[in-house]
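Computed from the coordinates by the stated procedures, all read-outs in this text should not be read as laboratory data. Given the structure is predicted, the values throughout are model-derived calculations rather than measurements. All Cβ positions, glycine included, derive from the backbone under ideal geometry; neighbour counts span all protein chains shown.
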């Protein structure tokens, strides 16, 4: 993958002074507009996707640390949140803050817009709050499987893994005992 990126950079016909000017323009956005997170996220995305950082640092992570003392993971979250902001602009109610956008941006891309619209609907005429976003996220998270129950009996350990048919450990044990009795009878 890295060799392809290098070849792509080599084949890009963009004069070094043009690249420097683009980098200067985009880094100025990040330097001076930190409070305006959608613009910062968009600028970071363009710097990363166009590999403009390579004139100053060999890797994206090194560039972020040297230039703004940002971690790569934070920059990725900021880019994702800004991307969600751009997607929701046509709705007329994009996220006001990065904290509202970030949890929804972590969802699969196919459901992000729908999730934001659900949060807006949940808020009604009010502004979308973090608790609205949390409710929408909780609704979309898959249910956790309960942990297996381990029971020590003389000479063995019985492990009961929750399944579809049983809601209690007792129900599972009764069914298992019925199976054992049926095998012995046969």
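For residue 172, are the conditions met, namely being over 25 Å from residue 43 (Cβ atoms), in a helix (DSSP H, G or I) and either touching a residue at least 60 places away in the same chain (Cβ under 8 Å) or touching a strand residue (DSSP E or B) at 6+ places or on another chain (Cβ under 6 Å) (or both)? Taking the combined requirement at face value, the residue satisfies it. Across segment 133-152, the number of residues qualifying as part of a helix (DSSP H, G or I) and over 20 Å from residue 83 (Cβ atoms) comes to 4.
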